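Peer 1: I am attaching a structure below and will ask some questions about it afterwards.
The values are calculated or read from the model by the stated rules, or taken from the named source; none is laboratory data. These numbers come from a predicted model, not from an experiment. For neighbour counting, all protein chains shown are included, and Cβ atoms are generated from backbone atoms with ideal geometry for every residue, glycine included. Just the protein is used for accessible areas: all its heavy atoms, side chains included, with ligands, DNA and RNA removed. Shrake-Rupley method; radii C 1.70, N 1.55, O 1.52, S 1.80 Å.
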Amino acid sequence: MLFDQLRASFRQAFESTRDPADRRAAVSEMKAALVQARLGVDDLRQGVEATRARVRAAEAELETTRRRGRLAGEVGDAETVAVAERFAATQAERVAVLQAKAEAQARELALAERELQEMTAEFKRAAATGTMGPGGPSAE
């Protein structure tokens with residue numbers, strides 16, 4: 001997943017050091033990894049918002065296409081109605097795909113946010129006590 005390498009960095013940095021000075025350096029490395037994780041979460045959040053904006057735009061286009069098809073039907077333009085129906089079917093499929101993508105991205109973001117919270121707790125514990133403690137990366 002997104003944070004596998006960062007978690008590995010946590011583990012490696014902390015488990016490979018025994019000297020207090022080395023532990024401080026490891027905590028510093030953990031802090032740098034957290035910064036990267038936060039940036040990754042921010043990127044995911046922006047991706048979710050961008051996809052949601054694309055969904056809204058695609059839904060608006062679908063509604064416009066359907067409206068044009070109805071108007072063409074009212075004036076008896078069968079050819080335009082047929083074209084509008086084909087386009088609307090394609091656009092409806094595009095909307096469905098974008099909605100599924102947005103949902104998947106939102107689930108990935110939620111997972112990444114939970115992982116970031118766990119990593120933050122591990123960092124705080126390591127910074128405060130000099131140990132990873134139960135449930136930390138060294139326990140995995």
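Peer 1: Can you tell which of Ala58, Ala21, Ala50 is in a helix (DSSP H, G or I), open to solvent by 30 Å² or more (accessible area, probe 1.4 Å) and modelled with pLDDT of 80 or more?
Peer 2: The match here is Ala50.
Peer 1: Of all residues being more than 26 Å from Asp42 (Cβ to Cβ) and open to solvent by less than 70 Å² (accessible area, probe 1.4 Å) in the range 91-130, which is modelled with the lowest pLDDT? Just the residue, please.
Peer 2: Gly130
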